[in-house]
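One structure is given here, and the rest of the page talks about it.
The values are calculated or read from the model by the stated rules, or taken from the named source; none is laboratory data. Everything numeric here is computed off the predicted structure, so don't read it as measured data. Here the Cβ positions follow ideal geometry from the backbone for every residue, glycine too, while neighbour counts run over all protein chains shown. Accessible surface areas use protein heavy atoms only, side chains included; no ligands, DNA or RNA. Shrake-Rupley method; radii C 1.70, N 1.55, O 1.52, S 1.80 Å.
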Amino acid sequence: MCGIVGYTGINSVGDILLRGLKRLEYRGYDSAGVAIVENDGIYLQKTKGRIRDLDEDEFPYGNVGIGHTRWATHGKPCDENSHPFYDCAGEFAVVHNGIIDNFVTIKEELTKKGHEFTSETDSEVIAHLIEDNYDDDLVATVQKVVTKLKGSYAICVLQKNSHRILIARNQSPLVIGVGVDENLVASDVPALLDYTNEVKYLEDGDVAEICSNEVRIWDSLGNAVERETVEIDWDLEDAEKGGYEHYMLKEIYEQPKAIHDSLLGRLFEFNDVDFKRYDTSFIRIISCGTSYHAALVGKYIIEEIAKIPCTVELASEYRYSSPSDLLPFTILISQSGETADTIVAAKEAKLRGCKTLAITNVINSSITREVNEVIYTQAGPEIGVAATKTFTTQLIVLYLIALELGLNNNKLLREDAQEYRSELRRLPRYVKVLLDRSEQIRKVCKKLVEADDIFFVGRNINYPVALEGALKLKEIAYIHSAGYPAGELKHGPFALLTESTPVVAILVKDHTFEKMLGNIGEIAARGSPIIAVGDHDKELKKLSDELITIPSVPPMFSPILVNVVLQLLAYYTAYELDCSIDKPRNLAKSVTVE
Ligand code: AGP
C-alpha cells in the first residue's frame, strides 16, 4: 500500500513527481524515492522518511520519471528498501505497489543466475526479472515478466535513453492521466488533478506504454485494447485542507454536506440497485476496520427496518470460514474500494455463488469490478487516514437500503418509511448543531489526555459506535482503548477499572436506557470518571462527570450523531497530545495487502 506517480512530457519532471507524491502521502509514508531519465542513464534518489526528506536540488533536468512513497510490507523502512529499484546494470528502474507472493522463489532463481540484490523487498525482483528477460522489446518483456508474478502489483518501469513508461496492474490500483503533450500515471487520482482531470483506469492484467503523446494498452491476453477516458469532477480544492489544520477536522466538518449529498436523489426513489432482482431474504455484510463498524450498525438498521436477518463478518476472516448452502445477499463495504481483504472477500462470496453489492466512496475502485452491484457513498475524497465522513455516509446508504428492502418485502409501512425519510433529511442540521458545540467537546478531552486506558461502552445499535469510538482514539491519539457492550464489563474488564480509567458511555433513550443507567452506576461505584454521550437525563447527569448531549432523534439514527461526538473527542485528544493526526504512525489510508 504505497503511492506511485509517473510522468512523461515536455516539462521538467522533478517538481511534478514531488507534487504528485505529496498528494499520495496518505497511502504510505515511511520512505520515498524518484527515478529520472537523464543523459545516458537513470538518476535515482531514495530515502527513509517523508517526501520532504528528498533533496530536490539534486534532481537532474529530465522529462520522464517515476516516484514512490512507501508503506513497508517486506523489509523495514530504510534507504535500501525504498523504491525505485535498479536492475544490475542500472538500465531499468522500477516502482511497485502490492505484494509479490512468489518473490522468494524468483529471487533464488535469479541469484543463481548471478543477479545481486540490494534490498529485502519483494519489489526488487521485478527490475531483475525485466533485465533477465529483456530482448530489445520492453513491451513484450513486461508482458512476459508479469506472467511470472504471483500476487498483487501496480508497476511502473523506466528504461535509460527512453521517454516512455511501461506500466502494469493486477489487484492494485493504477490510473493513467491523459494530458496534452504529456501523460501521467498514478496509483490514485489526487496525484493527477494538478495536470488533468481525464483519466483511464487499467483493468487487472493490463500492460500499457505511456509516451508523451500516446497511450497504448494491452489486456492480459496481449490484445491491444482501449480503456474508456473518464472525466473526474473532484477539483483539487476538494482534495485539499480548505483552511482546516488537519484533513480529519475538515472531513468531520464536511459531514452535513456529505450526508446531504449521499441522500440526494435517493430519498424518495432509490434507483441505484433494483433489489427485486435478487433474493435478499438473508443478508451478510463484510468489511474491515471502521467499515466493519458501519456494517455492525447496518445489521441493526436492516433487521429493525426491513426485518431481514443479517450477519456481519470481518473480511480478513470470511475467506477462511466454511462455505454453506445458504447464499446470503452479500454486501461489501469499503470506503476506498481498494482494501485487499475486502476485495478477496468479494471474490470469495462470488465463488460461493452469492450475489454481491459493494458500498464504496471511490468511483471505479477495484472492488467495483468484483461485484454484481455498486452503490457509491457521496462523501467526496477522504484524505485523513482516520475514516470519518465515509463512515457516516456508509450508514446513510445502509438506511436507504433498509428502507428500500422493507418496502419491497412489505415489512415496512409507507407512513413509517415517510417518518424515517423525514428524520434522515434532518440529520445534516443535527450534525451541524453538534459541530457548533465542538468547544464543549474539546474541553472534555482534558479528562482523556492523561489516561493510559479508556473504555467505550454502549448497548444495541450504539455498541458498534462504542467500538468505532475506541478505534478512532487508538488510531490517532495512541491511547489504548477498548469498546465493549456495556453489559459485558462485569464479566471481566471490571477488574481494570480504577480512578484513572475513564469510561465513555453512550446512552440514548431506547429500550436499553434503564439497563445502561444501572451499568453506569456500577462503573461510578468503582471510581472511574464517566463521560456520557447521548440524550439528556437528570439521573444520567448526576452519575456522570461530563454529559455531552445530542439533538433528540429516534434511537435508530443516534449512531450518526453520537459518532460525530466521538470523532471530535478523538481528534481533540490527539491534538492535545500533539499526534500526527492525518498520518498516524504505522498506518496508511488504504490497506492493499492482506
Ligand atoms: C479507519 O479509521 C481506518 N483507517 C481503517 O480501519 C479502515 O476503515 C479500514 O482499513 C477499511 O478501509 P476501507 O473502508 O477503505 O475498506
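Can you flag which of LYS76/LYS472; LYS112/LYS148; LYS46/LYS160 are past 24 Å Cα-Cα? Over 24 Å apart, Cα to Cα: LYS76/LYS472. Close amide H partners of ILE375, meaning residues 5 or more places away or on another chain with modelled amide H under 5 Å apart, are ALA358, ILE359, THR360.
When the square roots of the Cα gyration tensor eigenvalues are ordered a ≥ b ≥ c, the ratio a/c for the range 3-240 is under 1.5, which makes its shape rounded. Taken per residue, the accessible surface of the range 250-345 reaches 41 Å², heavy atoms only and a 1.4 Å probe. Counting protein heavy atoms only, the range 429-569 has 51 percent of its accessible area on carbon and sulfur, 1.4 angstrom probe. Relative to the longest principal axis of the Cα atoms of the chain, the long axis of helix 558-576 makes an angle of roughly 60 degrees. Here the relative contact order of the range 34-173, from alpha carbon pairs under 8 Å that lie six or more residues apart, stands at 27 percent. Accessible surface for ASP325 stands near 150 Å², nearest 10, in the context of the full protein assembly shown (1.4 Å probe). The value of relative contact order for the chain, using C-alpha pairs under 8 Å at least six residues apart, is 11 percent.
Centre-to-centre separation between the Cα atoms of the range 441-469 and those of the range 493-520: 10 Å.
The overall shape of the range 431-573 is rounded: from the C-alpha gyration tensor, with semi-axes ordered a ≥ b ≥ c, the ratio a/c is less than 1.5.
Surface composition of the range 3-240: carbon plus sulfur atoms contribute 41% of the solvent-accessible area (1.4 Å probe, protein chains only, all chains present). Each residue was assigned an accessible area with a 1.4 Å probe, and for GLU80 the value is about 100 Å². Quick check on the range 1-123: take the gyration tensor over C-alpha atoms, sort the square-rooted eigenvalues as a ≥ b ≥ c, and tell me if it's rounded (a/c under 1.5), prolate or oblate. Oblate, because a/c is 1.5 or more while a/b does not exceed b/c. DSSP beta bridges confined to the chain are antiparallel in about 65 percent of cases. Computed over protein heavy atoms with a 1.4 Å probe, the accessible surface of the range 78-129 works out to 39 Å² per residue.
Roughly to the nearest percent, how much of the accessible area of the range 266-411 is carbon and sulfur, given a 1.4 Å probe? About 47 percent, which is the carbon plus sulfur part of the accessible surface.
The dipole here belongs to the range 380-487: it is taken about the Cα centre, uses +1 on the Cβ of Lys and Arg and -1 on the Cβ of Asp and Glu, and is about 320 debye.
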